[in-house]
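Let me begin by presenting the structure, written as structure tokens, before commenting on it.
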Amino acid sequence: MALRNLIKQKTNLLGRGLGLGFNHRGLQTVSLPDLAYDYGALEPAISGEIMKIHHQKHHQAYITNYNKALEQLDDAINKGDASNVVKLQSAIKFNGGGHVNHSIFWKNLTPVSEGGGEPPKGSLGEAINAHFCSLEALVQKVNSEGAALQGSGWVWLALDKDAKKLVVETTTNQDPLVTKGPTLVPLLGIDVWEHAYYLQYKNVRPDYLKNIWKVINWKYASEVYEKECP
Ligand SMILES: [Fe+2]
């Protein structure tokens with residue numbers, strides 16, 4: 001038991017930066033990951049007010065509700081309560097998906113001073129040209145699919161690992177990309193929920209989509225691509 005607690009303490013320390021930890025029951029929980037930049041560092045593309053609320057309130061709410069659902073699931077499993085195990089799946093998908101998606105989203109952004117908006121180089125740049133003709137054509141496709149998405153959701157640039165192909169996909173609500181196919185790896189995910197832009201762009205989602213490219217972290221997307229598709 002002492003060894004288990006020691007492992008937990010060590011994992012908590014290591015996991016803090018990764019948004020991982022254990023709760024009082026010993027369940028693996030998630031916590032809010034730090035951003036690699038200040039809230040105001042993406043201005044004028046995305047306001048500091050939006051970033052702060054988005055990270056501290058919205059992302060935190062998904063985390064709180066996901067951890068709560070995990071505890072309830074643990075209870076239901078221990079009691080053999082199949083009905084509740086099934087009932088909890090939608091809360092786990094929604095809130096767990098919210099955590100997964102936002103954790104990727106923060107890494108997809110970076111200030112202009114850190115290379116935000118600089119076009120992808122190397123093999124990802126070449127793959128974009130091969131699959132979409134040009135970066136401009138890809139941006140247009142993502143913006144058009146993101147603008148057309150009804151309600152709330154996400155628009156993604158993904159690598160289909162099996163087909164070795166780049167694809168643009170959308171998911172609704174907080175569905176993570178994996179719900180569209182187990183071989184899809186997210187390179188870039190853009191949050192098109194109103195909470196991501198309304199305070200600054202009001203109802204004009206296309207303007208938000210146009211400006212977000214100025215702070216896209218293509219270096220991160222390239223690193224993921226090169227790791228998955230060497
Ligand atoms: Fe969001």
*What about Ala41, is it of a type in the set (Gly, Ala, Ser), within 16 Å of the ligand (Cβ to nearest atom) and either crowded, with 18+ Cβ neighbours inside 10 Å or at pLDDT below 95 (or both)?*
no
*Return yes or no: is His131 surrounded by 17 or more Cβ atoms within 10 Å (Cβ to Cβ) and of a type outside the set (A, V, I, L, M)?*
no
*Restricting the first residue to the stretch 116-131 and requiring it to be on the phi > 0 side of the Ramachandran plot and touching a residue at least 40 places away in the same chain (Cβ under 8 Å), which pairs with a second residue that is hydroxyl-bearing (Ser, Thr, Tyr) and part of a helix (DSSP H, G or I) meet a Cβ separation below 8 Å and a spacing of at least six or different chains?*
Gly122/Ser222
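The rows are residues; the columns are (1) surrounded by fewer than 19 Cβ atoms within 10 Å (Cβ to Cβ); (2) assigned to a strand (DSSP E or B); (3) modelled with pLDDT of 95 or more; (4) in contact with a helix residue (DSSP H, G or I) (Cβ under 6 Å, 6 or more places away or on another chain).
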| site | (1), (2), (3), (4) |
| --- | --- |
| Gln150 | yes, no, yes, no |
| Trp156 | no, yes, yes, yes |
| Val178 | yes, no, yes, no |
| Val185 | yes, yes, yes, yes |
*asked:* If a residue must be more than 16 Å from the ligand (Cβ to nearest atom) and either of a type in the set (Lys, Arg) or not in a helix (DSSP H, G or I) (or both), how many such residues does the stretch 101-137 contain?
replied: 11
*asked:* When you check Leu149 against the structure, is it in contact (Cβ under 8 Å) with a residue 12 or more places away in the chain and farther than 21 Å from Ser90 by Cβ, yes or no?
replied: no
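Yes/no per residue for (1) modelled with pLDDT of 80 or more; (2) out of contact with any helix residue (DSSP H, G or I) (no Cβ under 8 Å at 6 or more places or on another chain):
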position	(1), (2)
Lys8	no, yes
Asn12	no, yes
Leu20	no, no
Ser47	yes, no
His59	yes, no
Asp74	yes, yes
Lys79	yes, yes
_So if I check each of Val204, Val142, Val192, Val215, which one is touching a Leu at 6+ places or on another chain (Cβ under 6 Å) and more than 15 Å from the ligand (Cβ to nearest atom)?_
Val215
*Scan the stretch 220-230 for residues that are over 25 Å from Ser144 (Cβ atoms) and either crowded, with 20+ Cβ neighbours inside 10 Å or in contact with a Ser or Thr (Cβ under 8 Å, 6 or more places away or on another chain) (or both) and jot them down.*
Glu226, Cys229
*So, of the residues in the stretch 167-189 that are hydroxyl-bearing (Ser, Thr, Tyr) and out of contact with any Gly (no Cβ under 7 Å at 6 or more places or on another chain), which turns out to be farthest from the ligand (Cβ to nearest atom)?*
Thr183
*So which residues in the stretch 203-230 are in a loop (DSSP other than H, G, I, E, B) and closer than 19 Å to Gly153 by Cβ?*
Asn203, Val204
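The values are calculated or read from the model by the stated rules, or taken from the named source; none is laboratory data. These figures come from a predicted structure and were not determined experimentally. Positions of Cβ are backbone-derived with ideal geometry, glycine not excepted, and every protein chain shown enters the neighbour counts.
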